[in-house]
Amino acid sequence: MRAMLLCAGLSTRLGRLGAERPKPMLPVCGIPILAYGISNLVAHGIRDIVINTHHRGDVIQRELADGRRFGARIQYIQEDVILGTGGGLKHALGLLDPDGTDEPFISHNGKLIFDLDLTALMDAYRRAGDILGMMVVKRVPNAREWGAVQVVHDARGPYITNILGDGEHMFCGVHVTRPSVMARLPDGESDSIRQGYLPWLRAGERLAAYEHEHGYFAEHSTPERYLESNWALLEGTRLRNPPSMQLAGIDPTARISPSATIIEPVKIGTRATIGPGVTVGPYAVVGDGARVERSITRTVVWAGATAGPGDADPIVT
């Protein structure tokens with residue numbers, strides 16, 4: 001089984017954060033978002049992973065390399081021109097289906113931390129029979145803000161009758177399909193929903209739904225959502241397959257002044273330095289090798305950065 005992590009966006013809504021690092025590589029509790037997705041895939045036995053890149057793809061390849069340290073086998077495919085969620089998948093079919101066997105694969109948005117039971121998802125896909133694919137959806141009160149998905153049920157299970165119209169669910173950015181389905185998309189840039197699933201289901205084909213009810217879900221398209229995700233994991237939100245068991249706490253190699261005050265929850269990384277007289281927390285993440293020279297709360301300090309006097313930014317890079 002293979003999976004594709006979609007990482008070829010521009011990260012424009014993140015402003016300067018996205019200029020420095022691609023969105024899937026933003027550190028949440030000191031760990032890149034992509035590492036959470038890879039760890040969950042590997043835990044469910046999915047080790048062959050394709051990642052498409054565009055903006056700052058060098059950061060992704062340098063830090064994740066071939067994926068061996070996660071137990072994965074990662075291949076990269078660069079998009080010099082962004083091809084969209086559908087065009088990106090079609091462009092990568094040679095890596096997703098190298099033997100032409102048309103085995104189903106998982107498409108997973110790279111900006112997510114998603115505690116999704118991928119084994120249960122694949123079991124549901126296989127039981128669904130002849131379908132275009134299976135989209136993971138979640139019931140939310142503000143579905144229209146996310147592009148509403150209309151889900152109904154019959155004897156075969158839940159399926160989708162409309163997208164980007166009426167409905168009480170949102171699409172969670174993960175779906176299962178086959179290479180032969182994505183091969184039907186037009187060449188070049190395309191959207192897997194607007195140029196794919198939506199016209200195909202209107203033509204009478206079946207698109208199944210997998211309703212996600214329990215487990216953490218976060219996407220990180222804005223600085224506010226990015227910060228909220230850090231705080232949720234600091235508070236102890238459980239993930240079944242985290243990339244590290246140390247999402248909160250103080251690394252034993254951190255250098256903390258005797259006159260500093262630490263107020264949990266915090267995450268203080270390896271070789272971080274906390275200066276004299278400062279208070280860190282509650283809700284603070286200090287990355288590996290970072291320095292804190294002023295009191296911080298509800299602040300994320302990236303690895304190697306310095307939170308100095310007069311700097312009140314909640315995200316220090």
Calc'd 3J(HN,Hα), the stretch 94-100, phi into Karplus 6.51 cos²θ - 1.76 cosθ + 1.60 (θ = phi - 60°), Hz, glycine/Pro = x, comes to x, 8, 7, 9, x, 9, x
How large is the dipole of the stretch 248-316 about the Cα centre if only Lys and Arg carry +1 and Asp and Glu carry -1, each at its Cβ, rounded to the nearest 20 debye? 80 debye
Residue order, fewest to most surrounding Cβ atoms within 10 angstrom, among Ile163, Ile296: Ile163, Ile296
Students often get this wrong, so try it: which of (i) 32, 54, 14, 0; (ii) 29, 41, 23, 8, 0; (iii) 29, 59, 12, 0 is P(r) over Cα pairs in 20 Å bins from 0, in percent as calculated from the structure shown? (i)
The chain: calculated mean residue ellipticity at 222 nm from DSSP helix runs of at least 4, using -39500 (n - 2.57): -5500 deg cm²/dmol
Whether the stretch 248-316 is rounded, prolate or oblate, judged on the alpha carbon gyration tensor where a/c under 1.5 counts as rounded: rounded
Within straight-line cross-link reach of Lys138, lysines at Cα separation under 19 Å, skipping those fewer than 8 residues along the same chain: Lys111
Skipping prolines and chain starts, which residues have an amide H placed within reach, meaning under 5 Å, of the one on Thr53, given they are 5 or more residues away or on another chain? Ile77, Gln78, Glu79
Backbone HN-Hα couplings from phi across the stretch 188-202 [Karplus 6.51/-1.76/1.60, Hz, Gly and Pro as x]: x, 6, 7, 10, 5, 8, 5, 9, x, 4, 5, x, 5, 6, 5
Among Asn142, Phe114, His175 the positive-end extreme of the charge dipole of the chain (Cβ point charges): Phe114
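List the trypsin sites (Lys or Arg not before Pro) within the stretch 214-309 that fall in a DSSP loop (any state other than H, G, I, E or B) and whose Cβ has at most 10 other Cβ atoms within 10 Å. Don't skip to the answer; put the middle values down first.
Working: sites: Arg225, Arg238, Arg240, Arg255, Lys267, Arg271, Arg291, Arg294, Arg298; in loops: Arg238, Arg240, Arg271, Arg294, Arg298.
Answer by residue number: Arg238.
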Under 5 Å, built H, 5+ apart or other chain: amide partners of Val28: Ile33
Cut-off under 5 Å, modelled amide H: who pairs with Asn162 long-range: Gln150
Of the beta bridges DSSP finds with both residues in the chain, what % are antiparallel, to the nearest 5? 35 percent
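FYI, it's all coordinate maths here, none of it is from the lab. Since the structure is predicted, the reported quantities are computational estimates derived from the model, not experimental observations. Counting neighbours? That spans all protein chains shown, and the Cβs are built from the backbone with ideal geometry, glycine included.
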